[in-house]
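Heads up, the thing below is written out as structure tokens.
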């Protein structure tokens, strides 16, 4: 612990740590973010969709009317595989000395007993089984920190579980 960290609470230290890690993640995403910003700037300046430089990334254009190819382009999107995004998070966390795997907790939800009229003990007639989940509060907080950092730069992020992480940058109306 450095001398400057001696007087801070554990929560503040954790917030600072997540901020530093999220900064590393955004730095790793910088190529994608720059390509998206460049595409938005080109669209805003009136360049045709076919002429937009995607800088080697597969960028998607969201149109006002998805069925009409001549409709106004509303945003530029990029889809990153969720496993690749998690790898970026884990790599940045490892560089900072935080092992996300150690933060994972197994949570088990048991069915609740059902008490009916004139029953002394509960029953499990509508038993649907156990729910077992891996839960990582640290990973969730890190994802929120990354999303907040991107939101400061005008990006929106949506996570589709087990599929993609979508980065969205709206085109300024001119």
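The values are calculated or read from the model by the stated rules, or taken from the named source; none is laboratory data. The structure presented is a predicted model; accordingly, all values stated were derived computationally and were not measured. Because the Cβ atoms are built from the backbone with ideal geometry, glycine has one as well, and the counts that use them run over all protein chains shown.
Before moving on, here are some points about what is shown:
- Residues being part of a loop (DSSP other than H, G, I, E, B) and exposed (fewer than 14 other Cβ atoms within 10 Å of the Cβ) - total across segment 136-174: 8
- All positions within segment 40-79 that are under 22 Å from residue 159 (Cβ atoms) and not in a loop (DSSP other than H, G, I, E, B): 40, 59, 60, 61, 62, 74, 75, 76, 77, 78, 79
- Verdict on residue 142 being within 28 Å of residue 98 (Cβ to Cβ) and modelled with pLDDT of 85 or more: yes
- Taking the criterion of being loosely packed, with under 13 Cβ neighbours inside 10 Å and modelled with pLDDT under 90, the only residue of segment 72-94 that qualifies is 72.
- Qualifying residues in segment 20-31 (those that are assigned to a helix (DSSP H, G or I) and out of contact with any helix residue (DSSP H, G or I) (no Cβ under 6 Å at 6 or more places or on another chain)) - the one farthest from residue 90 (Cα to Cα): 31
- Criterion (modelled with pLDDT of 90 or more and part of a helix (DSSP H, G or I)) met by exactly one of 13, 34: 34
- Checking each residue of segment 47-58 against the condition of being surrounded by 11 or more Cβ atoms within 10 Å (Cβ to Cβ), within 16 Å of residue 172 (Cα to Cα) and either without any contact (Cβ under 8 Å) to a residue 12 or more places away in the chain or within 22 Å of the chain's Cα centre (by Cα) (or both) gives at least one match.
- Residue 41 modelled with pLDDT of 90 or more and surrounded by 11 or more Cβ atoms within 10 Å (Cβ to Cβ): yes
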